[in-house]
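Only one structure is covered here, and it is reproduced in the block below.
The values are calculated or read from the model by the stated rules, or taken from the named source; none is laboratory data. What you are looking at is a predicted structure, and each value in this text was computed from that prediction instead of being measured. Don't worry about glycine lacking a Cβ; one is built from the backbone with ideal geometry, like all the others, and counts go over all protein chains shown. The accessibility values were calculated without ligands, DNA or RNA, using every heavy atom of the protein model including side chains. Shrake-Rupley method; radii C 1.70, N 1.55, O 1.52, S 1.80 Å.
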Amino acid sequence: MNYQQTVQYLYSQLPLFTRVGASAYKANLDNTIELCKRLGDPQHKFKSVHIGGTNGKGSTSHMLAAVLQTAGYKTGLYTSPHLKDFRERVRINGQMIGEQEVVDFVDKHKVDFDEISPSFFEMTVALAFDFFAKEKVDIAIIEVGLGGRLDSTNIITPLLSVITNIGWDHMNILGDSLQLIAAEKAGIIKPNIPVIIGEYQSEVADIFITKAKQENSPISFASDLRLEIRDQRLEIRSNQFLDVTLTQNSDFGLQTSDLRLDLTGTYQVKNVKTVISAVDELRSQGFKISDDDLKSALSQVKTLTGLHGRWETLSRHPLTICDTGHNPEGIQEVLQNIASVPYNKLHFVIGMVNDKDISKILAVLPQNATYYFCKPDIPRGLEAESLKLKAESFGLNGEVYPSVKQALSSAQQNAAENDLVFVGGSTFVVAEVI
């Protein structure tokens, strides 16, 4: 098979979660364990950091990878989902895995696939681990796909586990309370392996503390670090950076007090605290990471790692911004950023998936915006007409468009010079406009 045929083969083997949802989720690690066993257990041949959580795990993974590669380490990065190219999921020092590597891996192990019947995600995890082992990376940042305890990535023994936060997402799989969701996320805490929790949340903190105690794992909360936005007003129209000040650094050994981030969403302040805490822990384990490495990496994460879709400016005339925030907590962060941008009228291009309760999101969206309802081009996409009807019950008004791109085009045509066009509601909507 050529590359395109190979990727189609991967997609078609068993349902792909990002396309069809819960029916693709497997509630055990058996296939991943067996597949990696046949590959010679590559997950044990490189050092790793495991990063889970509801929101921010992708940004945190990319930032930490950027820091490590800037410090001179050959750094693997495994993330999901991809926005445009399947190979975004597997990178080394920011470079995507080659098409031929994907083709060769599938060709070599197709018999194993046929015998084990792994899911798309299980195959992709095995591909990443095999690639990182063969390329002899110094360290790999491994992002959890969904949950934690039963996620395919949870067969590694990392140097450090990170859980960014807990929020309302994938309740049909992980549980219908924050405590149940937290218990699943806590499943990546390993015996004697340090764990960093990004945000202290009183509702679930004891779950992590108890699990860490059971596993004899040192635990810390990154939110204890004080990091403030230097200018509370995010002037996105003129500033492509977010400037922050580290107001407490003695405990972390950092001399750098001012940081400039090229990821300009104000929610990145939470993620930077987590990254700084992770850097501090890796330093204690012998990694040579200077303050200059940290400062340089955070100012060019997008360039170094290829990250997209996080409060990203798509156009300036009219100002058009997209963000992948897609659950209640993520949307709240997006709305805070929208509120920090000066504009006359908000044009909101929105699409969602059909297997989530979207009421919590629609309830907080601004009623004075004009909405452009569309369906992301995946089987899980919620029909635009259905979204419009649901949105109207929350006082949100607008028109239905036959595609994401047509919705965006209409929004930009209708927007005046000082208006704001925002694109979001689903990762898959953002993927179509990137």
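Taking every DSSP beta bridge with both residues inside the stretch 281-434, roughly what % is antiparallel (nearest 5)? Don't skip to the answer; put the middle values down first.
Details: 5 of 22 bridges.
Once the DSSP bridges in the stretch 281-434 are tallied, antiparallel ones form about 25 percent.
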Simple spin-label estimate for Ser202 and Ile434 in nanometres, 7 Å along Cα-Cβ: 3.8 nm
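Per residue of the chain, what 222 nm ellipticity follows from adding -39500 (n - 2.57) for every DSSP H run with n ≥ 4, rounded to the nearest 500? Please report the intermediate quantities before stating the final value.
On the way: 17 runs with 166 residues, N = 434.
Taking each H run of at least 4 residues, the total per residue is -11000 deg cm²/dmol.
Cα-Cα over 32 Å: which of Lys57/Lys360; Lys37/Lys57; Lys47/Lys405? Walk me through the numbers before you get to the answer.
Numbers: Lys57/Lys360 21 Å; Lys37/Lys57 27 Å; Lys47/Lys405 41 Å.
Over 32 Å Cα-Cα: Lys47/Lys405.
Say R0 is 30 Å: what FRET efficiency, to the nearest 0.05, do Ser220 and Ser257 get from their beta-carbon distance? Don't jump to the answer; show the numbers that get you there.
Numbers: r = 21 Å, r/R0 = 0.69.
Using R0 = 30 Å, I get an efficiency of 0.90.
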The chain - percent relative contact order, Cα under 8 Å, separation 6 or more: 16 percent
Fraction of antiparallel bridges per DSSP, the chain only, in percent to nearest 5: 35 percent
Point-to-point label distance, Asn397-Glu385, nm (Cα→Cβ direction, 7 Å offset): 2.1 nm
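So which GluC sites (Glu not before Pro) in the stretch 368-434 are both in a DSSP loop and have at most 15 other Cβ atoms within 10 Å of their Cβ? Write out the running numbers ahead of the final one.
Details: sites: Glu383, Glu385, Glu392, Glu399, Glu417, Glu432; in loops: Glu383, Glu417.
Answer by residue number: Glu383, Glu417.
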Solvent-accessible area, 1.4 Å probe, carbon plus sulfur percent, for the chain: 46 percent
Euclidean distance of C-alpha centroids, the stretch 61-93 and the stretch 339-364, integer Å: 29 Å
Candidate values (1) -0.43, -1.20; (2) -0.40, -1.08; (3) -0.49, -1.20, label of the one derived for log10 I(q)/I(0) by the Debye sum over Cα atoms at q = 0.08, 0.13 Å⁻¹: (1)
With DNA, RNA and ligands ignored, accessible area of Met1 (1.4 Å probe; Å², nearest 10): 110 Å²
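How many percent of DSSP beta bridges within the stretch 1-154 run antiparallel, rounded to 5?
So the antiparallel bridges in the stretch 1-154 amount to around 40 percent.
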Pairwise centroid distance, computed over Cα atoms, of the stretch 407-431 with the stretch 189-224, Å: 39 Å
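If you stretched the chain out fully between Asn368 and Lys213, how much longer would it get, using 0.36 nm times the residue separation minus the C-alpha to C-alpha distance? Display every interim value, and only then the final one.
Details: separation 155, 0.36 × 155 = 55.80 nm, distance 4.86 nm.
Stretched out fully, the Asn368 to Lys213 stretch lengthens by 50.9 nm.
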Nearest-10 value in Å² for the accessible area of Thr313, using the 1.4 Å probe: 40 Å²
